[in-house]
Amino acid sequence: MARDFYEFGPFRLDPHGRRLLRNGLPVALTPKVFDTLLVLVEHNGRSLNRSDLIAKIWPETAVGEHNLNQCIAVLRKVLDDTPRQPNYIATLPGRGYSFVAEVRQTGDKAGSQSQLAPESEPPIGVLSAPPASAHEPVSFYAATNGVFGKWASYAAALLAILLLIGAVPLASKLRSTYFAPIPRSVSVLPFDDLGSSSESERRYLANGLTQELTAELARLQGLKVVVGRFSPPTVSASAARAALDPILTGSSLHVESLLKGSVRQSGAQYRIAVQLIRSRDGRELWSGVYTADVSDIPSVEEQIVHHTADALSLPWSASIDEQWARRHIENPEAHDLYLQARYLWSKRDADSMRRSVELFQEAIAKDPSYARAYAGLADSYGVMAVNGQMPTAKSIPLAREASAKALQLDPTLAEPHATLGLLKFEFDWDFAGAQEEFSRCLALNPGYATGHHWAGLNFIAMGKFESADAELRKAQELDPLSPMISEGLFENYYAWHHFDEAIQTIRALIARNPTEYAPFSWAIGASYVAKGMYPEAEVIYRDQVERSPEDVNLMRLAYLQALEGNRAAARATLERIERKPDPMVGPDSFAKVHLALGDTDTAIAYLQQEYREHSPSVTNMRDDPEFAPLHGDPRFQQLLHDILSKNDLTNASNR
């Protein structure tokens, strides 16, 4: 009996047998993921909104869009597809999806009549386990039958003969041709601090191990490393770790394996336990326990990276040994100070940043050849400059000096290039020069999420929004739970004037933890203002003021009040804050309120002040919708020309 198949690219979809083949080899899919693919393929070339897709895939069950999004994410991984440049599944912003590949419908004689669906369906977004182990290719004897099964057997026999007679090169070529490659990916989950006190003085060590192992594993060729943050918990962090489900965690982070660990202090000794887990079934691939004092921590880190590489069958080259030798630390106390400084740097508040500078400097005093301490010092000065926590006249030269010293000591470090790029686009407005630094950074460490993040922000300043989207999504792929990267995606959509996508991005962030991320709701309010939805924006802005009556929130509300015609209230807030300026309220905020009140001259004066002060926010003036009324003003156009002319970007925009 004949039956129909769908063919696209190297794939063949068998609706009757409920299976997907790639180059003749079966691909494991859960039933709902298979159903999603079938519906898309059957409607290829047509737009399908999310509600219609959900109704077809779950006809008798009430589910949310999250389930559909998970199925789409799994399919893209299986098809080696990407939402930015889709070959198969295209996202229709605000609507749904469309299958865009050319589909050929063919007929064939029926083979097996069996259904390949598993007896019980795994969680949405989790692939069914293939018959081989996690690190072995799919066997030729996978569940196949008929003619293909015979030829698979013959091919396997031929490989065995070739190996027996020593024809290894040809056998290897055949193996690479017929065996689908399995991507190597790992996420380093936050190490647990098992100190006796909730205020453990050594908490920084657990944080430092997490960050350093993430950075060093990212240097291994052929390995994708995803930052394994825990979403801000509603329960304690230790309870979240105890409840960790490796299958669900691995699926949400889209990684093959998870590296988890803990640190416990006993006197001067530390007990460091590490476990590498295969995420598709929770099986332990490797584990180790190390007892060390502070001086042995760098050696323990190297051993963990080496054992992880072995467990994942990754090559360990001589160049990696050279990098470790270059990073050899003469003084273990310097490394301990470095970890403390990095822990404080990650907090970002002004007091922690100032203390991080002191600790980096102490580490350098202990070991003047410690390149990473200089790189950390540059990061601290750079962030303090951007956040207004130190005068830029002082912080920027110090950041550049520390970056240069770090690269002099270790030219293979990626982080100093990222810091130099940040300074070039934020303060020099040298976007082309900044992009060169980010390119150097990412050539040295393609897995450095911060490098992709800052490169994306630089593209926003250049008006290259599609390039910004690509970089920011790569950053999010490497660090899925970073709120700052989500905010970067919002900034790009906002400058791109894709306000619905901007709102959706922040809503998704807040949904992860409404209490922790509620302050980000100002971004939704700004998008509402840009869409002319003033009542909706006012609800958000008033809620922000009620939660935190800081001047920056009051100024946003004053701007909206001026637009709505409540000029008296807007002017009262403006005049009060102008009499006693808040360092967190920049000249651009004053300019916006004056502009909404109709005082264009004063608005321009504030923007000229911002230009003279070389404020980072001037790079966003051209594409900020709140400055749209100034686009016809020659003084505003002159400011834009002065900012952008050195990059030949005066007219650059792909909105």
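The values are calculated or read from the model by the stated rules, or taken from the named source; none is laboratory data. No experiment lies behind these values; they were computed from the predicted model shown. Heads up, the Cβs are rebuilt from the backbone with ideal geometry, glycines too, and the neighbour counts pull from every protein chain shown.
Check segment 202-214 and report whether any residue there is modelled with pLDDT under 70 and surrounded by fewer than 22 Cβ atoms within 10 Å (Cβ to Cβ). There is at least one residue in segment 202-214 that is modelled with pLDDT under 70 and surrounded by fewer than 22 Cβ atoms within 10 Å (Cβ to Cβ).
Regarding segment 633-643, can at least one residue be identified that is closer than 29 Å to P549 by Cβ and modelled with pLDDT of 90 or more? Looking for residues that are closer than 29 Å to P549 by Cβ and modelled with pLDDT of 90 or more, one finds none in segment 633-643, hence no. Would you confirm whether any residue within segment 590-604 is modelled with pLDDT of 95 or more, closer than 21 Å to G532 by Cβ, in a helix (DSSP H, G or I) and of a type in the set (D, E)? The answer is no; no qualifying residue exists. For segment 566-585, the count of residues that are among the polar types (S, T, N, Q) and crowded, with 23+ Cβ neighbours inside 10 Å is zero.
Scanning segment 1-24 for residues that are more than 16 Å from R76 (Cα to Cα) and crowded, with 20+ Cβ neighbours inside 10 Å gives Y6, D14, R19.
Rundown of residues vs (1) of a type in the set (A, V, I, L, M, F, W, C); (2) under 21 Å from G456 (Cα atoms); (3) assigned to a helix (DSSP H, G or I); (4) in contact with a Gly (Cβ under 6 Å, 6 or more places away or on another chain), yes/no style:
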{"residue": "G388", "(1), (2), (3), (4)": "no, no, no, no"}
{"residue": "A404", "(1), (2), (3), (4)": "yes, no, yes, no"}
{"residue": "A432", "(1), (2), (3), (4)": "yes, yes, yes, no"}
{"residue": "E436", "(1), (2), (3), (4)": "no, yes, yes, no"}
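Looking only at residues in segment 609-627 that are part of a helix (DSSP H, G or I) and modelled with pLDDT of 95 or more, the one that is surrounded by the fewest Cβ atoms within 10 Å (Cβ to Cβ) is P625. Can you go through A526, A461 and tell me which one is small (G, A, S), crowded, with 21+ Cβ neighbours inside 10 Å and modelled with pLDDT of 95 or more? Of A526, A461, the one residue that is small (G, A, S), crowded, with 21+ Cβ neighbours inside 10 Å and modelled with pLDDT of 95 or more is A526.
Kindly provide the set of residues from segment 288-306 that are out of contact with any helix residue (DSSP H, G or I) (no Cβ under 9 Å at 6 or more places or on another chain) and under 15 Å from S187 (Cα atoms), ordered by number. Residues satisfying the conditions do not exist here. For the condition of a type in the set (G, A, S), touching a helix residue (DSSP H, G or I) at 6+ places or on another chain (Cβ under 8 Å) and modelled with pLDDT under 95, S548 qualifies. Considering segment 426-441, the residues that are at pLDDT below 95 and of a type in the set (F, W, Y) include one that is surrounded by the most Cβ atoms within 10 Å (Cβ to Cβ), namely F431. Among the candidates L423, L407, L444, the residue that is of a type in the set (A, V, I, L, M), buried (at least 22 other Cβ atoms within 10 Å of the Cβ) and farther than 20 Å from N69 by Cα is uniquely L423.
The set of residues from segment 240-269 being without any contact (Cβ under 8 Å) to a residue 60 or more places away in the chain and either part of a strand (DSSP E or B) or closer than 24 Å to E477 by Cβ (or both) comprises A240, R241, L244, D245, P246, S266, Q269. Counting only residues that are modelled with pLDDT of 85 or more and within 26 Å of D469 (Cβ to Cβ), give me the strands (runs of 3 or more DSSP E) lying completely in segment 1-103 with at least 3 of them. Filter on segment 1-103 gives 89-92, 96-99.
All conditions but one from (1) without any contact (Cβ under 8 Å) to a residue 12 or more places away in the chain; (2) outside any helix (DSSP H, G or I) apply to S467; the one that does not is (2). Taken over segment 317-371, the residue count meeting the criterion of being small (G, A, S), modelled with pLDDT under 85 and under 28 Å from the mean Cα position of the chain (by Cα) is 3. Restricting attention to segment 363-386, the residues that are assigned to a helix (DSSP H, G or I) and not hydrophobic (A, V, I, L, M, F, W, C) total 8. For L457, the conditions (1) over 20 Å from the mean Cα position of the chain (by Cα); (2) under 25 Å from P391 (Cβ atoms); (3) of a type in the set (A, V, I, L, M) are fulfilled apart from (1). When segment 270-303 is filtered for residues that are in contact with a Pro (Cβ under 9 Å, 6 or more places away or on another chain), among the charged types (D, E, K, R) and part of a strand (DSSP E or B), only R278 remains.
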